[in-house]
1. Residues of region 288-301 being farther than 14 Å from Val258 by Cβ and either open to solvent by less than 80 Å² (accessible area, probe 1.4 Å) or outside any helix (DSSP H, G or I) (or both), which ones?
2. Which one is surrounded by the fewest Cβ atoms within 10 Å (Cβ to Cβ) among residues in region 37-78 that are of a type in the set (A, V, I, L, M) and more than 17 Å from the chain's Cα centre (by Cα)?
3. I'm checking my understanding of the structure. Among residues of region 244-260 that are under 24 Å from the mean Cα position of the chain (by Cα) and not β-branched (Val, Ile, Thr), which one is surrounded by the most Cβ atoms within 10 Å (Cβ to Cβ)?
4. For region 186-237, enumerate the residues that are buried (at least 17 other Cβ atoms within 10 Å of the Cβ), within 17 Å of Ala162 (Cα to Cα) and of a type in the set (Asp, Glu).
5. Working only within region 74-88, note down all residues that are more than 15 Å from His118 (Cα to Cα), touching a helix residue (DSSP H, G or I) at 6+ places or on another chain (Cβ under 6 Å) and either among the hydrophobic types (A, V, I, L, M, F, W, C) or modelled with pLDDT under 95 (or both).
6. Quick one: would you say Val310 is of a type in the set (Val, Ile, Thr), within 21 Å of Ala12 (Cβ to Cβ) and open to solvent by 30 Å² or more (accessible area, probe 1.4 Å)?
7. Restricting the search to region 46-105, which residues are assigned to a loop (DSSP other than H, G, I, E, B) and in contact with a Pro (Cβ under 6 Å, 6 or more places away or on another chain)?
8. Hey, Leu191 hits all of (1) without any contact (Cβ under 8 Å) to a residue 24 or more places away in the chain; (2) farther than 16 Å from Ala327 by Cα; (3) in a helix (DSSP H, G or I); (4) not small (Gly, Ala, Ser) but one; which does it fall short on?
Amino acid sequence: MTPDLTQSTTFADCALFCLAQRYPYAMQHLRTGDYDCAAPHQVHPIFFGSYDWHSSVHMHWSLLCLLRIHPDLPQRATIHQHFAARFTITKARSELAYLKKNPGFERPYGWAWLLKLHAELLLYAQHHPPAKHWADCLAPLATLILDRWCQFLPLSHYPQRAGTHANSAFAMTLALRYAKQQRRIAAHRALSGAARRWFDRDQKYPADYEPGGSDFLSAGLCEALLMSEVRAKHFADWWQQFKPSARAIKTWLEPVIVGSRSDGQLVHLDGLNLSRAWCLRALGAKLPQHQRVFNRAADRHLAAALPHVVGGDFVATHWLVSFALLALTDLPS
């Protein structure tokens, strides 16, 4: 399943191109006055380009992921130069100051990807010593975001079950893994506690209500993936009460139809096919009775989406590489 060198080279070209493209850029910025309208590269000196802040974050992760898979990637030197130019102490301080000034910025989706990027930087630093400096630059942002999770979760009585950026379970899965890897016990406890509080009692999930017209995540599959980690020892019991009916579960097994790949919302459904493949393969490894069916479904979803990851409209290419790599590389151990 891991992308070969040819495919990885194509993915890297796409990511580098998108990260260098300053516009169009969707600013998620709360203006505080008539003159509060700085250019994106001034507001976000690291994470400009690639259409928006969170996509810039996870396309940076994509480049590191590709280097982990293929250390001999032809773009290796170019990627190193890119990170050296972007990940400086001065630029990181500007990003940190913005996060401090805007507590709800990019919650929860961008928060989660920032943590995944920092984890990848720490991993890459083991093989490329200069990456330690890049990781150190990002560390204060990762610490702030984990602290924000700990502050936010006790205040939030209900999860977000959307199939888009607001989805709680997807973001919490990435954050939980980071907290576990970094041995941040308080954050891990806060995240797993909220997951149990929100999702422990869910029953007969209505999978046939999915998808929404602009979903790139399956709320049900993301919830199940999260609970497979939170309730690892008792996941089979949780799944038994949560699992959709035999009729409803078929909705998850067939790739969705993408009506337009130049419409920024409709093309989200390519991402849904990729994220479903990621979830289905991971869940199949933990549910032997479903593994064969889930793996076949994951293969069909990948076949439907992979041809459209690069080479299309910027509304798709600025982010789909990340979800392709999630599906192809973030496999169950």
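The values are calculated or read from the model by the stated rules, or taken from the named source; none is laboratory data. On a predicted model such as this, the values are computed, not experimentally measured, just so you know. So basically every Cβ, Gly included, is an ideal-geometry build from the backbone, and we count neighbours across all protein chains shown. The protein model used for the area step is the full one, side chains on, heavy atoms only, and it has no ligands, DNA or RNA in it. Shrake-Rupley method; radii C 1.70, N 1.55, O 1.52, S 1.80 Å.
1. Across region 288-301, the qualifying residues are Pro288, Gln289, His290, Gln291, Val293, Phe294, Asn295, Ala297, Ala298, Asp299.
2. At the first step, the residues of region 37-78 found to be of a type in the set (A, V, I, L, M) are 38-39, 43, 46, 57, 59, 63-64, 66-67, 69, 73, 77.
From what's left, more than 17 Å from the chain's Cα centre (by Cα): 38-39, 43, 46, 67, 69, 73, 77.
On the way: Ala38: 11, Ala39: 12, Val43: 18, Ile46: 23, Leu67: 23, Ile69: 18, Leu73: 19, Ala77: 9.
Here the answer is Ala77.
3. Looking at the filtered set, the residue picked out is Trp252.
4. Within region 186-237, Glu210, Asp215, Glu223 meet the criteria.
5. The answer is Ile79, and nothing else.
6. In short, yes.
7. Initially, region 46-105 is screened for residues assigned to a loop (DSSP other than H, G, I, E, B), giving 46-52, 70-75, 87-88, 102-105.
Matches in region 46-105: Phe48 only.
8. Tallying (1) without any contact (Cβ under 8 Å) to a residue 24 or more places away in the chain; (2) farther than 16 Å from Ala327 by Cα; (3) in a helix (DSSP H, G or I); (4) not small (Gly, Ala, Ser), Leu191 fails exactly one: (1).
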